[in-house]
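Here's the structure we're looking at; comments come further down.
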Ligand code: MG
């Protein structure tokens, strides 16, 4: 059985007065959150792009355009669930997702399991099929200055 692989990358700006939502998990007491048309969940967006890439179905902007009011403040986990339906329509299913969030602060390790479980739940896979990692950018560049956060993901699919 052949496996299909896709990669995803996303970044969003940080701003005061926004909730910080990563992998569908709201991080309590975060001083700033990510800005965007949707809930700006950078981790979930990278995972969606990795899945769409593996499926050969284009990208997140194609399926969920930020010019569409339906996706204003959208719950990105709901978009991930819609992505799962797109995969099913192409007779594909996720096997494994691995992702990295690049952020200087806050400490995200305590939320790792909750993020993996939330992403896995939206995808309909076991939590062990989703791995989430965190790193800083060592103070370098826009990520190091805390202007925003970025995320990268790899997804593997197989025939459903
Ligand atoms: Mg995005």
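Only one of the numbered conditions (1) in contact with a strand residue (DSSP E or B) (Cβ under 9 Å, 6 or more places away or on another chain); (2) crowded, with 17+ Cβ neighbours inside 10 Å; (3) closer than 17 Å to residue 148 by Cβ is violated by residue 31, and that is (2). Would it be correct to say that residue 5 is more than 16 Å from the ligand (Cβ to nearest atom), farther than 18 Å from residue 109 by Cα and at pLDDT 95 or above? It is true that residue 5 is more than 16 Å from the ligand (Cβ to nearest atom), farther than 18 Å from residue 109 by Cα and at pLDDT 95 or above.
The residues on offer are 120, 114, 153, and the sole one that is under 12 Å from the mean Cα position of the chain (by Cα), surrounded by 15 or more Cβ atoms within 10 Å (Cβ to Cβ) and touching a residue at least 60 places away in the same chain (Cβ under 8 Å) is 153. The set of residues from the stretch 11-28 being within 16 Å of the ligand (Cβ to nearest atom) and either free of Cβ contacts under 8 Å to residues at least 12 places away in the same chain or more than 18 Å from residue 81 (Cα to Cα) (or both) comprises 11, 12, 13, 14, 15, 18, 19, 20.
Filtering the stretch 95-117 to residues that are out of contact with any strand residue (DSSP E or B) (no Cβ under 6 Å at 6 or more places or on another chain) and more than 27 Å from residue 140 (Cα to Cα) leaves 113, 117. The criterion of at least 2 residues that are under 15 Å from residue 22 (Cβ atoms) and within 14 Å of the ligand (Cβ to nearest atom) is met, among helices (runs of 4 or more DSSP H) falling completely within the stretch 32-137, by 42-55, 76-89.
The values are calculated or read from the model by the stated rules, or taken from the named source; none is laboratory data. Fair warning: this is a prediction, and the values are worked out from it, not measured in the lab. Quick reminder, even Gly has a Cβ in these numbers, built from the backbone with ideal geometry, and neighbours come from all protein chains shown.
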